[in-house]
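Participant: Provided herewith is a single structure, encoded as structure tokens, for subsequent inquiry.
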Amino acid sequence: MSMADQIFVDMCSDIINNGISTEGENVRPPWHDAPLAYTIKKFGVVNRYDLSKEFPAITLRKTAIKSATNEMLWIWQKKSNNIHDLKSSVWNEWADEDGSIGKAYGYQMSIKHQYKEGMMDQVDRVIYDLKNNPFSRRIITNIYVHADLSEMNLYPCAYSVTFNVTTKPGSDKLVLNAILNQRSQDILAANNWNVCQYAVLMHMIAQVCDMEVGELVHVIADAHIYDRHIPLVKELIQREQYPAPHFHLNPQIHDFYQFTENDITIEDYVTGPQIKNIPVAV
């Protein structure tokens with residue numbers, strides 16, 4: 001069985017058995033056919049994935065890893081806030097008539113800042129520091145910018161990444177680790193999607209910086225399961241689990257801006273059936 005399956009099952013069981021219900025509270029999101037979408041939630045969930053051991057895709061159901069990668073590259077590589085630059089329709093509900101989601105996500109990554117080394121955006125700064133000062137404790141991205149929140153069509157959920165480099169006995173290569181901070185997560189709809197896309201990001205940046213991948217630590221402030229998702233999650237976590245798939249990244253690419261989702265290969269990905277038509281609160 002995959003370690004990601006075990007983490008997911010343990011997390012969901014803990015939320016269902018020990019979480020706090022928001023029923024009766026003044027919550028923001030509605031269902032399409034009801035005014036309020038309640039959840040069961042846990043505060044401060046922390047999951048650790050050792051990417052050096054396996055790729056963290058769950059096998060309980062299939063995660064669309066290439067689609068998740070395309071979305072990650074939309075934010076981190078294209079630095080776009082327009083859904084016309086994205087292959088999926090996930091973000092359509094938050095886009096205006098021109099396709100923009102406002103000053104959110106990729107827009108924040110595109111902003112250049114003045115450093116003593118020159119003007120750089122956040123992504124370029126991360127790569128610069130990892131190549132030139134890898135043991136810095138200041139390699140951080142942040143897209144939760146209060147000055148721009150009023151012009152975002154939705155606030156960022158996964159909003160900050162802290163990169164940290166370590167060493168491994170017996171290896172000449174440095175090890176790239178990261179902490180992904182997320183203020184809120186719909187566990188059924190988005191948990192493994194986010195985990196996989198940031199695992200791919202770490203593999204890409206590690207290759208660009210001639211490092212090995214280490215740990216991805218996922219910190220979720222509000223980890224929740226929506227009321228209409230609870231029966232689906234209960235069924236999902238009872239399913240048979242399979243070994244983690246094998247992940248491969250095109251070894252010929254050493255420029256982050258040259259990667260596409262087609263440069264990843266997923267092999268031996270055996271999963272349970274997909275859950276279709278998951279209701280999504282907006």
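Participant: Exactly one of (1) of a type in the set (S, T, N, Q); (2) assigned to a strand (DSSP E or B); (3) in contact (Cβ under 8 Å) with a residue 60 or more places away in the chain is unmet by GLN241. Its number?
Facilitator: (2)
Participant: May I pose another question? Restricting attention to segment 244-254, which residues are touching a helix residue (DSSP H, G or I) at 6+ places or on another chain (Cβ under 7 Å) and in a loop (DSSP other than H, G, I, E, B)?
Facilitator: ALA244, ASN250, ILE253, HIS254 - these are the residues of segment 244-254 that are touching a helix residue (DSSP H, G or I) at 6+ places or on another chain (Cβ under 7 Å) and in a loop (DSSP other than H, G, I, E, B).
Participant: Count, please, the residues in segment 262-282 that happen to be modelled with pLDDT of 90 or more and either in contact with a Lys or Arg (Cβ under 7 Å, 6 or more places away or on another chain) or assigned to a loop (DSSP other than H, G, I, E, B) (or both).
Facilitator: 9
Participant: Also, quick follow-up: With LEU188, LEU180 as the choices, which residue is in contact (Cβ under 8 Å) with a residue 24 or more places away in the chain, part of a strand (DSSP E or B), in contact with a strand residue (DSSP E or B) (Cβ under 7 Å, 6 or more places away or on another chain) and buried (at least 18 other Cβ atoms within 10 Å of the Cβ)?
Facilitator: LEU180
Participant: Another question, then. Could you please tell me which pairs satisfy a Cβ distance under 8 Å, a separation of 6+ or placement on different chains, a first residue in segment 66-78 that is under 14 Å from MET202 (Cβ atoms) and crowded, with 22+ Cβ neighbours inside 10 Å, and a second residue that is charged (D, E, K, R) and modelled with pLDDT of 95 or more?
Facilitator: Short answer, once both residue conditions are applied: THR69/GLU261; LEU73/GLU261.
Participant: Now a separate question. For segment 91-119, give me the residue count where each residue is surrounded by fewer than 17 Cβ atoms within 10 Å (Cβ to Cβ) and either without any contact (Cβ under 8 Å) to a residue 24 or more places away in the chain or more than 19 Å from the chain's Cα centre (by Cα) (or both).
Facilitator: Residues in segment 91-119 being surrounded by fewer than 17 Cβ atoms within 10 Å (Cβ to Cβ) and either without any contact (Cβ under 8 Å) to a residue 24 or more places away in the chain or more than 19 Å from the chain's Cα centre (by Cα) (or both): 15 in total.
Participant: Going by the conditions given, is VAL195 modelled with pLDDT under 95 and either touching a helix residue (DSSP H, G or I) at 6+ places or on another chain (Cβ under 7 Å) or on the phi < 0 side of the Ramachandran plot (or both)?
Facilitator: Numbers: modelled with pLDDT under 95: no; either touching a helix residue (DSSP H, G or I) at 6+ places or on another chain (Cβ under 7 Å) or on the phi < 0 side of the Ramachandran plot (or both): yes.
So VAL195 does not fit the description; no.
Participant: What are the pairs with Cβ atoms under 9 angstrom where one residue, in segment 127-139, is farther than 14 Å from GLU212 by Cα and of a type outside the set (S, T, N, Q) and the other, located anywhere, is assigned to a helix (DSSP H, G or I) and modelled with pLDDT of 95 or more? Sequence gap at least six, or different chains.
Facilitator: ILE127/ILE205; ILE127/VAL208; ILE127/PHE256; ARG138/ASP129; ILE139/ARG125; ILE139/VAL126; ILE139/ASP129; ILE139/LEU130
The values are calculated or read from the model by the stated rules, or taken from the named source; none is laboratory data. The model shown is predicted, which means the values in this text are computed figures rather than measured ones. Neighbour counts are summed over all protein chains in view; Cβ atoms, including those assigned to glycine, are modelled from backbone coordinates with ideal geometry.
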